[in-house]
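What follows is a short report on a single structure.
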Amino acid sequence: MRDVLPWREAVAPDGTMGEPRARGRFGGYGGRYAPESLVEACREVEEAFREAWADPGFRGALARLLAVHAGRPTPLTPARRLSEALGVELYLKREDLTHTGSHKINNVLGQALLAIRMGRRRLIAETGAGQHGVATATAAALLGLEATVFMGERDIERQALNVFRMRMLGAEVVPVTTGSRTLKDATSEAMRHWVGATGDSHYCVGSVVGPDPYPWMVREFQRVIGDEARGQCAAELRTGVPDHVVACVGGGSNAAGTFAGFADTPARLVGVEADGGAGAARGRLGVLHGCRSLFLQDDDGQIIQAHSIAAGLDYPGVGPEHAHLRDLGRARYVTVTDGEAVGAALRLARTEGIVPALESAHALAWVIRAAGDGDLPAGSTVLMTLSGRGDKDVSTLKELL
Ligand SMILES: *Cc1c(COP(=O)(O)O)cnc(C)c1O
């Protein structure tokens, strides 16, 4: 399936991927659509984040945690054998090598430090597959906070291992029995719970979604991916700046963090969505979980349940900044199928000795397809963020292969 949105050659207008405009606006998207008590809580988070982000002490503490606990900086790995086969020069930014195995730890450590700065003793989080829940539980244990993780009852059944992991790390996992009993309902429930607990708890959102300041703040906490990669590319790539920068998009945090490092360069930005969770490629304007963005909806405006083999891409919408980047033409959004992602995962395993998360395999599947059909011209340099490792997906793959 080819997308039809045109490339714009131009570098983004000044300030693209900078601070959003007033009340968290990215173009016509974003905002803070929440009950009054949460609007106030979000205002406090925004103020605290603004101060912290301007404070070298906070930045230094976070950088140190990312280094000594999470394993940063992550390497930039040339995918030599695969590159040769594809006729492009592919480099992988290795978020799979972080502690807990995905980029989610970058954001969670940032928000946990912020919670402490705000005097909060507990983290509230929602989780679908359990990856963000495990990262939150990990940060809470490390920093001596409590963690309460909301998770749909169906997801609890499907992701038993991650539930056990969270409990082992000392987190409380709260089953959500409403609606489809999956991520969308867990998020609603976590927000409801926060209403009554804003005094002692910080709501730790897992992607660039939700009410302002979360889309902006989470992107800034993930910017470390793009900033590191920018320097590594300058040192190691023939072209200095890669011709293309590619990342998978669920809510869009690993992509936003990666893109942020290259927004002011001529690099072409590509976000790869799951065919069954293509908020940016096929969503319509709506409001969900405190934010105006693009969501999969039926004709009555009801949110459609997303479906992807990659649990982390199983979200029916996309962060507001991605919707804006799409409208600007600064980034383009493409989709790949479950089957293409599985094929890409296997190919990376056999050519580079890396088993990627199925989410990350979506980004690779587009690279493989685009190298084949000329969308990626021969000889292009490509930076792809490998958002996570595939250990969690081995049983899924075992059923299929
Ligand atoms: C959660 C997750 C994603 C999707 O989240 P984004 O916010 O879009 O980055 C992608 N890859 C992995 C490995 C994940 O765990």
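The values are calculated or read from the model by the stated rules, or taken from the named source; none is laboratory data. From a predicted model like this one, the values you see are computed outputs, not experimental measurements. Positions of Cβ are generated from backbone atoms using ideal geometry, with glycine treated the same way; all protein chains shown enter the neighbour counts. Each accessible area value is taken on the protein alone, full model and side chains, heavy atoms only, with ligands, DNA and RNA left out. Shrake-Rupley method; radii C 1.70, N 1.55, O 1.52, S 1.80 Å.
Values for this structure:
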item	result
Within straight-line cross-link reach of LYS184, lysines at Cα separation under 20 Å, skipping those fewer than 8 residues along the same chain	LYS104
Isotropic mean projected area of the C-alpha convex hull, segment 70-186 (nm²)	9.1 nm²
14 Å tail of the calculated P(r), segment 275-338, as % of Cα pairs	53 percent
Cleavage-rule hits, trypsin sites (Lys or Arg not before Pro), segment 216-312, DSSP coil, Cβ neighbours within 10 Å at most 14	ARG238
Cα-Cα P(r), the chain, percent of pairs per 10 Å interval	5, 25, 37, 25, 8, 0
Calculated P(r) of segment 5-141 - Cα pairs past 27 Å, %	40 percent
Angstrom value of the Kirkwood radius, inverse mean 1/r, which spans all Cα pairs in segment 189-279	14.6 Å
Per residue Cα convex hull volume in Å³ - calculated over segment 68-135	113 Å³
Considering only segment 216-367, percent of DSSP beta bridges that pair antiparallel, nearest 5	40 percent
Sequence of LYS93, LYS392, LYS398 from largest to smallest accessible area, 1.4 Å probe	LYS398, LYS392, LYS93
Tilt relative to the chain, helix 56-68 - C-alpha long axis, 0 to 90 degrees, to 10	60 degrees
Which of PHE221, GLY251, ALA323, positive extreme of dipole for the chain (C-beta unit charges)	PHE221
DSSP bridge orientation in the chain - percent antiparallel, rounded to nearest 5	35 percent
Relative contact order computed over segment 68-158 (Cα-Cα under 8 Å; 6+ residues apart), in percent	21 percent
Inter-probe distance in nm under a simple model that places probes 7 Å from Cα toward Cβ, at ARG43 and MET168	4.4 nm
Inter-label distance, nm, simple model (7 Å from Cα along the C-beta direction), THR265/LEU143	3.0 nm
q = 0.18 Å⁻¹: log10 I(q)/I(0) that the Debye formula gives for segment 304-401, counting C-alpha atoms only	-0.93
Degrees, to the nearest 10: 214-236 long Cα axis against longest axis of the chain	30 degrees
Rounded to the nearest 10 Å², the accessible area of SER308 at probe 1.4 Å	20 Å²
C-alpha long axis of helix 358-373 to longest principal axis of the chain, angle in °	30 degrees
Carbon/sulfur fraction of accessible area - the chain, other protein chains in place, 1.4 Å, %	52 percent
Principal semi-axes in Å for segment 129-177 [√(5λ), Cα gyration tensor, largest first]	18, 10, 8
Zero-based 10 Å bins, Cα pair distances in segment 216-262, whole percents	31, 51, 17, 1
Helix-only [θ]222 nm of the chain, DSSP H runs n ≥ 4, -39500 (n - 2.57) each, per residue, nearest 500	-13500 deg cm²/dmol
Relative contact order (%) - criterion: Cα under 8 Å, at least six apart; region: the chain	21 percent
Segments 158-165, 370-377 sorted - mean Cβ within 10 Å per residue, highest first	158-165, 370-377
